[in-house]
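Have a look at the structure below, then the notes.
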Amino acid sequence: MLDRTDTKALQREAFRRDVIAGLSKVGKTLPARWLYDDRGSELFEEITRAPEYYPTRTETAILTDNAQAIAGLFGERAVVLEYGAGAGIKTEIVLAALARPRLYVPIDISGDFLKTSAERIRTRFPGLAVEPVTADFTEDFELPGDLPKPGRGAGRRGGFFPGSTIGNLDRGEATAFLKRVGRHVGPDGVAVIGCDLKKDIATLVAAYDDAVGVTAAFNLNILRRINRELSADIPVDDFVHEARWNAESSAIEMHLVAKAPVQFAIDGREFRLDRGETIHTENSRKYDVDSLSALAEAAGWRIETLWTDERKLFAVMGLVVR
Ligand code: AVJ
């Protein structure tokens, strides 16, 4: 029996469902969220240090260089809602710059991850109230009713979503996400969102196919995870990592390409791939100023400030509700 309070078992069942559904389609896919088990998260950390992967260090520099302006957007006594359990140093840069923040609310689906990062923030900012919320922010959810409302000791509410994770969402999902943030922060709310920018294809592809092969290991790990958690027998060595630019969707796509005809079983179901057939594991959309404005407007926001680096590699949007 599935215990409804056992989130680990529920996650395992959701994983099995998604894997079987994705691999049963004609164009095989696996949802990108499943790339991040413990090993996947470790490998992603390594990616952020790869010389070709410019987003993390560029965004961190943008936040550092503009911390005062960002703090100005949030205003005094802000209630900060972070979508994702905490982006480590980026969160700290913003919180450290704020004027007497009222409350920090990290939101994440993983309760364990939330606990650890909430503890880290409490240690680093002893005077700051922290109220973690366990929720899947890619779907609609209500904030706890007892969060301080603007006025009476609390300032504005501001959403924070760094990392260009918004790039994993398609246009409809990204619009729905920004509308959700708008509902959470209310009419006087603001948001600070990190987005990767369109640039020459060679730079983009290299960032998602680094020379050392960390990104390849990260992508292939999803197959190892299926073998580990769903007792499957996927011949992982028969697959290679590929990063592709899709001009139509303005996205880098990660694929796992079968080097030979492959067959394997999961849960007694047989799956086959022809040589050259792929499993599409991630989209990472790249924006320009016009597409960012259009996205913001469609979701009820206006770009108040767009902070970028000198080489225009990455952008941080400062949004206000229209
Ligand atoms: C964590 C989704 C922002 O799209 O750049 C990095 C994930 N995938 N290298 C990105 C990722 C391959 C990353 N995000």
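The values are calculated or read from the model by the stated rules, or taken from the named source; none is laboratory data. Quick caveat, the model's predicted, so the values are computed rather than measured. All Cβ positions, glycine included, derive from the backbone under ideal geometry; neighbour counts span all protein chains shown.
Annotation note: of TYR104, TYR54, TYR83, the sole residue that is within 16 Å of the ligand (Cβ to nearest atom), in contact with a helix residue (DSSP H, G or I) (Cβ under 8 Å, 6 or more places away or on another chain), hydroxyl-bearing (Ser, Thr, Tyr) and under 30 Å from GLY153 (Cα atoms) is TYR83. Can you find even one residue in the range 204-214 that is assigned to a helix (DSSP H, G or I), more than 16 Å from ARG244 (Cα to Cα), within 11 Å of the ligand (Cβ to nearest atom) and touching a helix residue (DSSP H, G or I) at 6+ places or on another chain (Cβ under 6 Å)? Yes: one or more hits. Could you please let me know if ALA61 is within 22 Å of GLU253 (Cβ to Cβ), away from the ligand (no atom under 13 Å from the Cβ), aliphatic (A, V, I, L, M) and assigned to a helix (DSSP H, G or I)? No, not satisfied. Quick one: would you say GLU248 is assigned to a loop (DSSP other than H, G, I, E, B) and farther than 17 Å from LEU313 by Cα? For GLU248, the condition - assigned to a loop (DSSP other than H, G, I, E, B) and farther than 17 Å from LEU313 by Cα - is met. The set of residues from the range 221-245 being within 12 Å of the ligand (Cβ to nearest atom) and in a helix (DSSP H, G or I) comprises ASN221, ILE222. Hey, can you tell me all the residues within the range 45-100 that are in contact (Cβ under 8 Å) with a residue 24 or more places away in the chain and of a type in the set (Lys, Arg)? Across the range 45-100, the qualifying residues are ARG77, LYS90, ARG100. Here the condition is being surrounded by 19 or more Cβ atoms within 10 Å (Cβ to Cβ), away from the ligand (no atom under 16 Å from the Cβ) and touching a residue at least 12 places away in the same chain (Cβ under 8 Å); of GLY159, GLY163, GLY153, it holds for GLY159 alone. Among the residues that make up the range 187-200, is at least one of them assigned to a helix (DSSP H, G or I) and either in the same structural domain as ILE279 (by TED's automatic domain parsing) or free of Cβ contacts under 8 Å to residues at least 24 places away in the same chain (or both)? The answer is no, given that none of the residues of the range 187-200 is assigned to a helix (DSSP H, G or I) and either in the same structural domain as ILE279 (by TED's automatic domain parsing) or free of Cβ contacts under 8 Å to residues at least 24 places away in the same chain (or both). Determine if the range 42-57 includes at least one residue that is surrounded by fewer than 21 Cβ atoms within 10 Å (Cβ to Cβ) and touching a Lys or Arg at 6+ places or on another chain (Cβ under 6 Å). Scanning the range 42-57 turns up no residue that is surrounded by fewer than 21 Cβ atoms within 10 Å (Cβ to Cβ) and touching a Lys or Arg at 6+ places or on another chain (Cβ under 6 Å). The set of residues from the range 7-51 being assigned to a loop (DSSP other than H, G, I, E, B) and within 16 Å of the ligand (Cβ to nearest atom) comprises LEU30, PRO31, TYR36, ASP37, THR48, ARG49, ALA50, PRO51.
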